[in-house]
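The values are calculated or read from the model by the stated rules, or taken from the named source; none is laboratory data. None of these values were measured; they are calculated from a predicted model. Here the Cβ positions follow ideal geometry from the backbone for every residue, glycine too, while neighbour counts run over all protein chains shown.
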Amino acid sequence: MAKKDTPEQAEFREYCRNWLKDNKPGPPPSRLPELAIEVSDEAHREYLCAWQKKCYEAGLVACDYPSEYGGGGHQGFQRIASQELSRAGTPFLINVIGLGMAAPTILHHGTEEQKRQYLKPLFSADEIWCQGFSEPGAGSDLASAQTSAVRDGDNWILNGHKVWTSLATFAKWMILLARHSKEDKYKGLTYFIAPIEGAKGVTVRPLIKITGGTGFNEVLFEDVVISDDMRLDEVGKGWTVAMTTLTHERGAAEGAGGGGGGGVDDRIESLIALAKKTPRGSGTAWDDPVIRDRIVQIAIRAAGLRQTARRGRVEGLIDHPMRLPLQGKVVMTELMQDAAAIGLEIEGAAGSLYVRDDNAPDEGEWPLSYLNSYGMTIAAGTSEIQRNILGERVLGMAKSK
């Protein structure tokens, strides 16, 4: 059984459903990408920013944040809003990095002035955020970041190269991990809010992915001057602050992103529909018991994920705070990859037809999803790194060599 809403939550859920029924947006100017982090078209940006702002003004975004910072001030409401956005099949919220990573980090580590300055325009998508963690030589080994931050009186001078930076082409701000000292790998890191849009010395270069899209970028900093009031927490606490960000990126905060868009249940329904309409022999792919069994196995894994998420909401059931976010990130991304692989298998030779081919089944959804899935098993720490962390820090196994 699902977690039962309190009377107040039930009233809010009904409000969300009614509002979404009356305010579901019209079609986008053209087909949206699968994920918010892939948005690279200005028309898509305008459409999605307008939608997020409308949701925020209606109280469906930042529900759990304190009202003095622009939030709704109701703990436990964001989970409900996120569920209803997903069930309504609405477009995703574009400021996913701001909502899912920057906002909780600022809330936990920011000054009072920082919270009041940055959070409300983040919630409304008036200001888009990106993340500056990975570098060409420091991806999964985040503590090896070499982008430098040199103190100059009340300012800092930034130099370096960040990569895989989703939404950087539209971002006004970046959450940035930089090295102020080389004496200690971890204590030599400090965390900043860095300006991107129109900032002197900042260059954003789009990167072309295997899908052909350019939703992420590389960002170069050349003698970029920022004031000390753009530092989050104390000098040398960058690694601690980054762990807050990564905890939310890996899914520890339920409903942090507050987004709509399809999830694993929608993907399962799409697989079933695809199998039922795809010719196979004298019938369809759905008549093949092997195909049906593989889809059912995906559904079973998805049900397990839902029940595991319920465990995370019960105090005392989880023995390690990072168990579920680390585990959930690995399982969900690999589940979506396996689902896309089944879609390609069902399509057979037609799975080689891509999104721009008029003859592609489901408008090329399955090959696009399959190619995209590899980025998700890499982002926020590769599956291999995540398994190492789970083994060493959660299960207490010997450190891998």
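Listed here are the residues, each with its yes/no results for (1) assigned to a helix (DSSP H, G or I); (2) modelled with pLDDT of 85 or more; (3) in the same structural domain as Asn217 (by TED's automatic domain parsing).
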site: Arg356; (1), (2), (3): no, no, no
site: Gly364; (1), (2), (3): yes, yes, no
site: Leu368; (1), (2), (3): yes, yes, no
site: Asn372; (1), (2), (3): yes, yes, no
site: Gly381; (1), (2), (3): no, no, no
site: Ile385; (1), (2), (3): yes, no, no
site: Ile389; (1), (2), (3): yes, no, no
site: Lys399; (1), (2), (3): no, no, no
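Candidates in segment 146-203 are the residues that are among the basic types (Lys, Arg) and in a loop (DSSP other than H, G, I, E, B); of these, the one that is nearest to Lys115 (Cα to Cα) is Lys172. Candidates in segment 59-87 are the residues that are assigned to a helix (DSSP H, G or I) and polar (S, T, N, Q); of these, the one that is nearest to Pro7 (Cα to Cα) is Gln78.
All of Ala102, Ala43, Ala62 fail the test of being in contact with a helix residue (DSSP H, G or I) (Cβ under 6 Å, 6 or more places away or on another chain) and at pLDDT 95 or above, apart from Ala62. Could you please find all residues in segment 213-233 being touching a helix residue (DSSP H, G or I) at 6+ places or on another chain (Cβ under 9 Å) and exposed (fewer than 13 other Cβ atoms within 10 Å of the Cβ)? Within segment 213-233, just Asp229 meets the criteria.
Of the residues examined, Pro28 is one that is part of a loop (DSSP other than H, G, I, E, B), out of contact with any Gly (no Cβ under 7 Å at 6 or more places or on another chain) and not charged (D, E, K, R).
Of the numbered criteria (1) at pLDDT below 95; (2) of a type in the set (A, V, I, L, M, F, W, C); (3) closer than 30 Å to Asp41 by Cβ, the one Met243 fails is (3). Among the residues of segment 360-393, which ones are under 18 Å from the mean Cα position of the chain (by Cα) and either under 14 Å from Asp338 (Cβ atoms) or not aliphatic (A, V, I, L, M) (or both)? Residues satisfying the conditions are Ser369, Tyr370, Asn372, Ser373, Tyr374, Gly375, Met376, Thr377, Gly381, Thr382, Ser383, Gln386. Residues considered: Asp233, Asp223. Of these, the only one that is under 27 Å from the mean Cα position of the chain (by Cα) and either aromatic (Phe, Trp, Tyr) or more than 15 Å from Glu135 (Cβ to Cβ) (or both) is Asp233.
Checking each residue in segment 267-313 for being within 24 Å of the chain's Cα centre (by Cα) and either farther than 25 Å from Gly89 by Cα or in contact (Cβ under 8 Å) with a residue 40 or more places away in the chain (or both) picks out Arg267, Ile268, Ser270, Leu271, Ile298, Leu305, Ala309, Arg310, Arg311, Gly312, Arg313. All but one of (1) charged (D, E, K, R); (2) touching a Gly at 6+ places or on another chain (Cβ under 8 Å); (3) free of Cβ contacts under 8 Å to residues at least 24 places away in the same chain hold for Glu38; which doesn't? Of the numbered conditions (1) charged (D, E, K, R); (2) touching a Gly at 6+ places or on another chain (Cβ under 8 Å); (3) free of Cβ contacts under 8 Å to residues at least 24 places away in the same chain, the odd one out for Glu38 is (3). Considering (1) basic (Lys, Arg); (2) surrounded by fewer than 16 Cβ atoms within 10 Å (Cβ to Cβ); (3) within 26 Å of Pro33 (Cβ to Cβ), the lone condition that Lys200 does not fulfil carries the number (3). Evaluate segment 317-335: report whether one residue or more is part of a helix (DSSP H, G or I), more than 22 Å from Met243 (Cβ to Cβ) and out of contact with any strand residue (DSSP E or B) (no Cβ under 8 Å at 6 or more places or on another chain). Yes - at least one qualifying residue is present in segment 317-335. When we screen Arg31, Arg13 for residues that are outside the structural domain of Thr214 (by TED's automatic domain parsing), of a type outside the set (Val, Ile, Thr), more than 19 Å from the chain's Cα centre (by Cα) and within 30 Å of Asp358 (Cβ to Cβ), the only hit is Arg31.
Look at (1) crowded, with 20+ Cβ neighbours inside 10 Å; (2) closer than 26 Å to Arg205 by Cα; (3) charged (D, E, K, R) and you find that Glu46 fails only one, number (1). Taking the criterion of being more than 30 Å from Ala58 (Cβ to Cβ) and surrounded by 18 or more Cβ atoms within 10 Å (Cβ to Cβ), the residues of segment 110-138 that qualify are Gly132, Phe133, Ser134, Glu135, Ala138. Got a number for residues in segment 49-80 being hydrophobic (A, V, I, L, M, F, W, C), crowded, with 21+ Cβ neighbours inside 10 Å and out of contact with any Gly (no Cβ under 6 Å at 6 or more places or on another chain)? Residues meeting the conditions: 5.
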